[in-house]
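Notes follow the structure.
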Amino acid sequence: MVPKKNEFVTIEITDMGSGGEGIGRADGFTLFVKGAVVGDVIEAKVLKAKKTYGYAKVEKILRPSEHRVEPMCPVAGRCGGCQLQAMSYGAQLSFKERKVRECLERIGGVKFGECGEKLSEEQPQFLPILGMEDCFAYRNKAQFPVGKVKDGKVVTGFYAGHSHAIIPSTACAIQAPVNEVICKTVCEHMEQYRIAPYDEETHTGLVRHILTRVGAVTGEVLVCLIVNGKSIPKAEVLADKLKAAVESYDNGKNQIQLVLKGVCLNVNCEKTNVILGNEIIPVWGDTYITDYIGEVSFCISPLSFYQVNPKQTKVLYGKALEFAELTGNEIVWDLYCGIGTISLFLAKNAKNVYGVEIVPQAIEDAKQNAIRNGITNAEFFVGAAEDVLPAKYRESGGSMRADVIVVDPPRKGCDETLLQTIVNMEPKRVVYVSCDPATLARDIKFLEENGYKLTKAQAVDMFPMTTHVESVALLVRER
Ligand code: SAH
């Protein structure tokens, strides 16, 4: 079968690609089908065809997959946010577990037994993925673009996949439900006082985005309007309305009481796709919220990096802590430490923790967070991990050692100079937290070729409904 563009083909979806697209194969030809779910038999319309593969869209579902479910969100197919809403949560978890495992085996050259099984001392263990009990409304941070529809009504929504067209939507299934009333309140205020939404094409108008942060443990809420200017009309009136809207919001049974901690502006007058500018102007109350991961409290401003799924963050850090096997006497390095979340989470169980992070503001936050929590055995350094650690190692004349090194790099993984320095420092354990299984696998290969052995790996679902998956792996130094 070599189908042509615009042709219709009947195909069974037997696999899922890493972007969540369905994959069907026939006679050596592979078709990638957006919106198809593994197990579907579909009629697909071919959009693009090469010699051995092509892209298609679902024209008609002839036999729906047993994993297919009705998406929770009416705009799930069009919004660029959730790629997997049409798939049952159980099937999403299997897909992610398989994705991580296959990367580690194919790229990392690792050989696992059955999931959860350990056949011998040498064989690494692949542990079952840790999913969420309640897989919706998990995000603590939202950024809604603000725009105008034809009749002049102000709307918020989400960008369609690969575009900046706003799909109007007031509710998002993976965000905190209170955002709906926040967006509604802001839009009504804008209409009442004729405040124009920002227009990307003409670089005119005022309000660009509405950003919210909701503390999962504290119930604290922050609303920040990103504006092409320095003020908005009747800001205090808006703050009063938001306070009433948030605090009277029925957050569901057994949920914590929400409290509005502050309303602020973020100034962004640039002609850019970047959402946030650098300056924060308070309108009412604080310019931050506080929240907890385990027993450690964090101060979170609109500009700070903070994990978006607090429940699963605790699960992920709990795994990192378990894999680190700390007894209280260890020297620990936490590389790519952000605002010090992992460092502070581990500090209580270690002798000393050293964090390294490239963003200076994040390091400032990390230091403040240590003080807030009375943690005195954590120290933080600004700079690229691949510069800071090798430099400190050289300065020590090659004598610097660590017991445990934790890394949590961005998608591109660790630089080889950093991995080499880690090897030179001879830590007993390396705990690798990763948001990209392919680079995790590549780096595991390097460490395995240099005296370390992968003993276990586990995926954690931090982003239900999307194709993203987080993993944590333990590498132990071979004697
Ligand atoms: N461990 C933190 C942050 C993980 S995200 C947490 O769980 O919250 C990855 C972090 O790496 C980001 O904060 C990013 O700013 C930082 N980063 C990116 N490149 C870096 C580099 N070369 N050296 C050090 N930090 C880097």
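The values are calculated or read from the model by the stated rules, or taken from the named source; none is laboratory data. Just so it is clear, the structure is predicted and the values come from calculations on it, not from any experiment. Note: ideal-geometry Cβ built from the backbone for every residue, glycine included; neighbour counts use all protein chains shown. Note: accessible area is taken over every heavy atom of the protein model, side chains too, but ligands, DNA and RNA are not part of it. Shrake-Rupley method; radii C 1.70, N 1.55, O 1.52, S 1.80 Å.
Details
- In the structure shown, the pairs Lys319/Lys392; Lys34/Lys412; Lys50/Lys99; Lys314/Lys445; Lys111/Lys351 are assessed against 30 Å; a Cα-Cα span above that value is assigned to Lys111/Lys351.
- Within the straight-line cut-off of under 26 Å between alpha carbons, the lysines reachable from Lys230 are Lys141, Lys148, Lys153, Lys184, Lys241, Lys243, Lys261, Lys271, sequence neighbours fewer than 8 places apart in one chain being disregarded.
- The alpha carbon convex hull volume per residue for the chain rounds to 172 Å³.
- Residues of the chain: accessible area per residue with a 1.4 Å probe, Å²: 46 Å²
- Short-range pairs are left out: with C-alpha atoms under 8 Å and at least six residues apart, the relative contact order of the chain is 12 percent.
- Residue-averaged [θ]222 nm for the chain, counting only DSSP H segments that reach four residues, each worth -39500 (n - 2.57): -7500 deg cm²/dmol
- Region 1-96: relative contact order in percent, alpha carbon pairs under 8 Å with at least 6 residues between: 23 percent
- Across Val75, Val149, the residue with the most accessible area heads the list, and the full order at a 1.4 Å probe is Val149, Val75.
- Relative frequency of Cα-Cα separations exceeding 24 Å in region 155-276, percent: 27 percent
- For region 8-63, the square roots of the Cα gyration tensor eigenvalues, ordered a ≥ b ≥ c, give a/c below 1.5, which places it in the rounded category.
- The distance from the alpha carbon centre of region 96-160 to that of region 2-58 is 23 Å, rounded to a whole number.
- DSSP bridge orientation in region 141-300 - percent antiparallel, rounded to nearest 5: 75 percent
- Farthest towards the positive end of the charge dipole of the chain, among the residues Ser88, Leu419, Ala56, is the Cα of Ala56, using unit charges on the Cβ of Lys, Arg, Asp and Glu.
- Sequence of Phe381, Phe126 from largest to smallest accessible area, 1.4 Å probe: Phe381, Phe126
- For region 141-300, the share of accessible area belonging to carbon and sulfur comes to 51 percent (1.4 Å probe, ligands and nucleic acids excluded).
- Relative contact order for region 141-300, counting Cα pairs under 8 Å that sit 6 or more residues apart, in percent: 19 percent
- Share of carbon and sulfur in the accessible heavy-atom surface of region 8-63 [1.4 Å probe, %]: 50 percent
- Order of exposure, largest accessible area first, which applies to Trp284, Trp333 with probe 1.4 Å: Trp284, Trp333
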